[in-house]
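Chemist: Here it is, the structure, as structure tokens.
Just so it is clear, none of the values below were taken in a lab; they were calculated from the coordinates. Being a predicted model, the structure only gives us computed values, none of them experimental. Cβ: placed from backbone, ideal geometry, glycine included. Neighbour counts: every protein chain shown.
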Amino acid sequence: MPGPLVVVDYGVNNLGSVYNAFDKLNYPVRLAAHPADLKGASAIILPGVGSFDRAREALMQGGFFPVLTDMVLGETPLLGICLGMQLMCEGSEESREGIPGIGAVSGSLRRLRGSVKVPHMGWNRVRPRDGYGGGLFAGMPAAPYFYFVHSYYLDPSEDPGAVLATCQYGDNEIAAVVGRGPLLGTQFHPEKSGTVGLTFLNNFARTVMHGEAGRWWA
């Protein structure tokens, strides 16, 4: 029997909405307050809100950072949401001391540029890359809308092989979904994106627990 989906509780994330989304979809889900609680998970969920440095420090203090790094390099699927996705990158302009991320995705995050309002807050159209054949967007319109809240972003040119979908915000082309091996990351908040967001999370959960939706990196 597949293990549960495990949401990392490291003190700087929006646990309730993520937990409730998977619970509403009738998947077994639990919180992990300690690294040992990750054992037996079918997938790890790493939400995040706030600053890059604070989140990185919280993961280190809780003992999660080295464990998550090993898991990303191993076979356990991991879904990083918003700041959780950003922590999978090499670093961020937001970091005052140049503190590194996990580094599973190449490149550093940049602050949104141009005349757009920062943070990027609201609904935006997400476009899967040309030829993407995975199952994450099954059951959705061709270019669905998701809800974003962020001030920093990954430019798709930093790691084009990992980018599964993008969105446009002014002159900023944003890596909206990244995937590499067992790692999946979304810059948007699927748990706050209504029916489309629940469909996305359901496609992810079906993939990791039952293999029904196709690999997201296909």
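Chemist: Using the Cα centre of the stretch 72-218 as origin and beta-carbon charges of +1 (Lys, Arg) and -1 (Asp, Glu), tell me which of VAL105, HIS150, GLY181 is placed farthest towards the positive end of the dipole.
Modeler: HIS150
Chemist: Which semi-axes, in whole Å and largest first, does the equivalent ellipsoid of the stretch 83-210 have when worked out from the alpha carbon gyration tensor as the square roots of 5 times its eigenvalues?
Modeler: Square roots of five times the eigenvalues give 23, 17, 13 Å.
Chemist: Still on this model: Can you give the calculated 222 nm mean residue ellipticity of the chain, where each DSSP H run of n ≥ 4 adds -39,500 (n - 2.57) and the sum is split over every residue, rounded to the nearest 500 deg cm²/dmol?
Modeler: Calculated from helices alone, the mean residue ellipticity at 222 nm is -7000 deg cm²/dmol.
Chemist: If you don't mind, another one. Which label belongs to the value computed from this structure, given these candidates for Kirkwood radius over Cα pairs in Å: (1) 18.5; (2) 17.4; (3) 17.0?
Modeler: Entry (3).
Chemist: Only four residue types carry charge here, +1 at the Cβ of Lys and Arg and -1 at the Cβ of Asp and Glu. Report the dipole size of the stretch 5-210 about the Cα centre in Debye, rounded to the nearest 20.
Modeler: Result for the stretch 5-210 is approximately 500 debye, rounded to the nearest 20.
Chemist: Cα centroids of the stretch 182-199 and the stretch 61-88: how far apart, whole angstrom?
Modeler: One Cα centre to the other: 17 Å.
Chemist: Hey, can you list the DSSP H helices of the chain whose Cα span along the axis is 18 Å or longer and whose average Kyte-Doolittle score is at least 0.0?
Modeler: Result, helices passing both filters: 194-210.
Chemist: Please go through the stretch 1-98 and write out the GluC sites (Glu not before Pro) that DSSP classes as loop and that have at most 12 other C-beta atoms within 10 Å.
Modeler: Of the GluC sites (Glu not before Pro), the ones in loops of the stretch 1-98 whose Cβ has at most 12 other Cβ atoms within 10 Å are GLU75, GLU97.
Chemist: Could I ask something else about it? For ASP171 and ALA138 in one chain, what is 0.36 nm times their gap in residues minus the Cα-Cα distance, to one decimal in nm?
Modeler: Residue separation times 0.36 nm, minus the Cα-Cα distance, leaves 9.0 nm.
Chemist: Another question, then. Determine which aspartates and glutamates satisfy two conditions relative to LYS117: a Cα distance under 20 Å, and not lying fewer than 8 residues away in the same chain.
Modeler: Partners found: GLU93, GLU94, ASP155, ASP171, GLU173.
Chemist: Please list, by residue number, every one of the trypsin sites (Lys or Arg not before Pro) in the stretch 91-196 that is coil in DSSP and has at most 16 other beta-carbon atoms within 10 Å.
Modeler: Here the trypsin sites (Lys or Arg not before Pro) that fit, given the DSSP loop and packing criteria, are ARG96, ARG113, LYS117, ARG129.
Chemist: Sticking with this one: Name the residue farthest towards the positive end of the dipole of the chain from the options MET71, VAL126, THR166, assuming +1 on Cβ of Lys and Arg, -1 on Cβ of Asp and Glu, about the Cα centre.
Modeler: Of the options given, the answer is VAL126.
Chemist: Could you tally the net charge around ARG56, taking each other residue with its Cβ under 13 Å from the Cβ of ARG56, Lys/Arg +1 and Asp/Glu -1?
Modeler: Net charge in that neighbourhood comes out at -3.
Chemist: Can you grab the distance from the C-alpha centre of the stretch 117-170 to the C-alpha centre of the stretch 6-34, Å, no decimals?
Modeler: 23
Chemist: Okay, next question. Using a basic spin-label model with each label point 7 Å from the Cα along Cα→Cβ, how many nm lie between LEU198 and TRP123?
Modeler: 1.6
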